[in-house]
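J.: Would you mind keeping the following structure in view while I ask a few things?
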Amino acid sequence: MNHQWTFPDRALAILRQTIWDPNAICIYDGVSGGLVWSDEYPHEAMKVCLPDNHWAFRYVLAYRASLILGEPREEFSAPWDQLMKECPNWPGLRPERQSTALREQLKQAKSRFKRKFEEVDTVYGDTRREG
């Protein structure tokens, strides 16, 4: 069995089949603090990872965010290194998706997420405290 920080073999087989989409949509993932593109993680790969509590994709996004910020966090690098070795054509490894040129986009997305999260917490947090 793979470590929870790395991808299981079944997920790797699916990720090897991903194809770069120049029109892929980029969104911010608030759990990992990173950017993710729509062509990176097919639903089939997620179905393989999540039931067995494999969170490798979150660590990949966190590691890539650290590269974008120019402050690599080696504690998150294991699944990234695994993808570089096992899935070298995975769209998420493209140089432009880990470039420091994305720093402002990442920071702005994080700020928007934090602001929205605080708004929700203010609305729902107050009702939790009352009950």
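The values are calculated or read from the model by the stated rules, or taken from the named source; none is laboratory data. Keep in mind that what you see is a predicted model, and the values were worked out from it rather than measured. Counting neighbours? That spans all protein chains shown, and the Cβs are built from the backbone with ideal geometry, glycine included. For the accessible areas, the whole protein counts, side chains as well, though only heavy atoms, and no ligand, DNA or RNA atoms are used. Shrake-Rupley method; radii C 1.70, N 1.55, O 1.52, S 1.80 Å.
J.: Quick one: grab the alpha carbon gyration tensor of segment 48-122, order the square roots of its eigenvalues as a ≥ b ≥ c, and give me rounded if a/c is under 1.5, else prolate or oblate depending on whether a/b is larger than b/c.
T.: On the way: a/c = 2.34, a/b = 1.34, b/c = 1.75.
Note, shape of segment 48-122 comes out oblate.
J.: If the viscosity is 0.890 mPa s and the temperature 25 °C, what Stokes-Einstein diffusion coefficient in µm²/s follows for the chain when Rh is the Kirkwood radius over Cα pairs?
T.: Values: Rh = 15.7 Å.
For the chosen part, D equals 156 µm²/s.
J.: Go ahead and run the numbers for FRET between residue 85 and residue 118, Cβ-Cβ distance against an R0 of 41 Å, rounding to 0.05.
T.: Numbers: r = 40 Å, r/R0 = 0.97.
Efficiency for this residue pair is about 0.55.
J.: How much length is gained on full extension from residue 29 to residue 101, taking 0.36 nm per residue of separation minus their Cα-Cα distance? Show your work: numbers first, answer last.
T.: On the way: separation 72, 0.36 × 72 = 25.92 nm, distance 1.83 nm.
Once the chain is fully extended between residue 29 and residue 101, it gains 24.1 nm.
J.: Let me ask another. When all protein chains stay in place, what accessible area (Å², nearest 10, 1.4 Å probe) is found for residue 25?
T.: 110 Å²
J.: Taking a cut-off of 23 Å between Cα atoms, list the lysines near residue 116, but don't count ones fewer than 8 places away on the same chain.
T.: Cross-link targets: 107.
J.: Moving on to the next point. Ignoring ligands, DNA and RNA, what accessible area per residue does the chain give at 1.4 Å, in Å²? Present the calculation step by step, with values, prior to reporting the outcome.
T.: Working: 8230 Å² over 131 residues.
Averaged over the residues of the chain, the accessible area is 63 Å².
J.: Further, regarding this structure: If I compute solvent accessible area with a 1.4 Å probe over the protein chains, what percent of it on the chain is carbon and sulfur?
T.: Values: 4400 of 8230 Å².
That fraction is 53 percent.
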